[in-house]
1. Run the paramagnetic zone check for Glu222: 7 angstrom along Cα to Cβ, then residues of region 170-187 with backbone nitrogen under 20 Å.
2. Please give the FRET efficiency for Ala172 paired with Ser212, using the beta carbon to beta carbon distance and R0 = 22 Å, rounded to the nearest 0.05.
3. Roughly speaking, what is the stretch gain from Arg124 to Met1, that is 0.36 nm per residue apart minus the C-alpha to C-alpha distance, in nm to one decimal?
4. Could you tell me which trypsin sites (Lys or Arg not before Pro) in region 1-57 are loop residues by DSSP with no more than 16 other beta carbons within 10 angstrom of their beta carbon?
5. Could you give the nm distance between label points at Asp29 and Ser70, where each point is 7 Å from its Cα heading toward the beta carbon?
6. Most mobile of Gly141, Gly220, Gly39 per a Gaussian network model of the chain (Cα springs, under 10 Å)?
7. Per-residue ellipticity at 222 nm for the chain, helices alone: DSSP H runs ≥ 4 residues times -39500 (n - 2.57), over residue total, nearest 500 deg cm²/dmol?
8. Compute a Gaussian network model of the chain, connecting alpha carbons closer than 10 Å, and tell me which residue from Gly72, Gly284, Gly300 fluctuates the most.
Amino acid sequence: MNVALVAVQLEIDPAVLASGDRYRAHLDDAAACAIEEAGKADHRFVVFPEIAGHLALLALAPPQAHRAKSLGTALAAAAVRRPLEVLRGVASSRTLAPKHAVLAALAPDAERYWRSVFGPLARRHDAYVVAGSHLRLSPAGDLTNASMLFAPDGRCVAMTDKVNLVPGMEDAAPGGLGLARGTASELPIVDAPFGRVCTLICYDGFSEPHTSLERFVPLGPELAARGGVVIAANPSANPWSWDEPWPPKQLAGGLERAPGTRADQWSREGLRSSLAGTAFARFGVTAHLVGHVLDLHFDGCSEILERTGGDIRVLARARQHESGGHVVAVVSC
């Protein structure tokens, strides 16, 4: 059977995120354009980028929040108008940090919005859709970077929590979000008509850590031990310049690195490297977030990979790392 693999390279800017309705329309248009280019296939598998759901928090914020200088300030302004929710956030979150209280207050509404966008989108296009990632407040009070997989009937059939957190950004280091980690052995694998699929959120697709000073679990061997998958989705968001030297100063104190750019490092250590080192998937679909909003900037080239034997072949790759679009490949499973 033929499967259309689609990586949506979603571009964001202040206009796109000005409201929930505008963001919904942008997501719908991006999916429609990509699926139209893919053409006819027995099945469709569409991947949106990491953090796209985090940005729903900004899209749903009141107008005054959009005048802020940073996302943190914008969300704080949004939360000020919702004191009862913030108090509930304090009660429901595992930590008492103000940042956690704000995120715990806003995350449930953003997740409901995200479900309302991607459930109908999956039904409309008769596709399996990996909805990038969003901030999830678990029943236990943990905040995670999570990704939902929607089936063609619009049901959410998997919720994947990110296992490997980017040091200094997502972990409990100063300035980080202090997110909870997913459990490698519990990473969901879903049986689709064309084979088993899973989601590796950005850094989870890497073969090795950025530094020697962090907790990191290579997930390729874990998945291989569980029988592997046909398709590994890799929703990603790279906050460093794609064509500048790697590593950045804040990560320099770690492992010795070969010279090169972030793009070189991504190719050397990212999903391509994981697939080359361990036969845990036949196809890999990386979808990048690109663009600027407030103090955020994202760069990257989306791509679709195939593992044949020990070789990794690029089936499709974005031409630009700074602009939106999509890459597609129709494969036989």
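Throughout, read-outs are computed from the coordinates displayed, never taken from laboratory work. Small disclaimer: the values here were computed from a predicted structure and weren't measured. Positions of Cβ are backbone-derived with ideal geometry, glycine not excepted, and every protein chain shown enters the neighbour counts.
1. Counting backbone N atoms under 20 Å from the label point, the list is 170-173, 177-187.
2. 0.80
3. Extending this stretch completely gives an extra 42.2 nm.
4. Counting only loop positions with at most 16 other Cβ atoms within 10 Å, the trypsin sites (Lys or Arg not before Pro) in region 1-57 are Lys40.
5. 3.1
6. Result: Gly39 has the largest fluctuation of those listed.
7. -8500 deg cm²/dmol
8. Gly72
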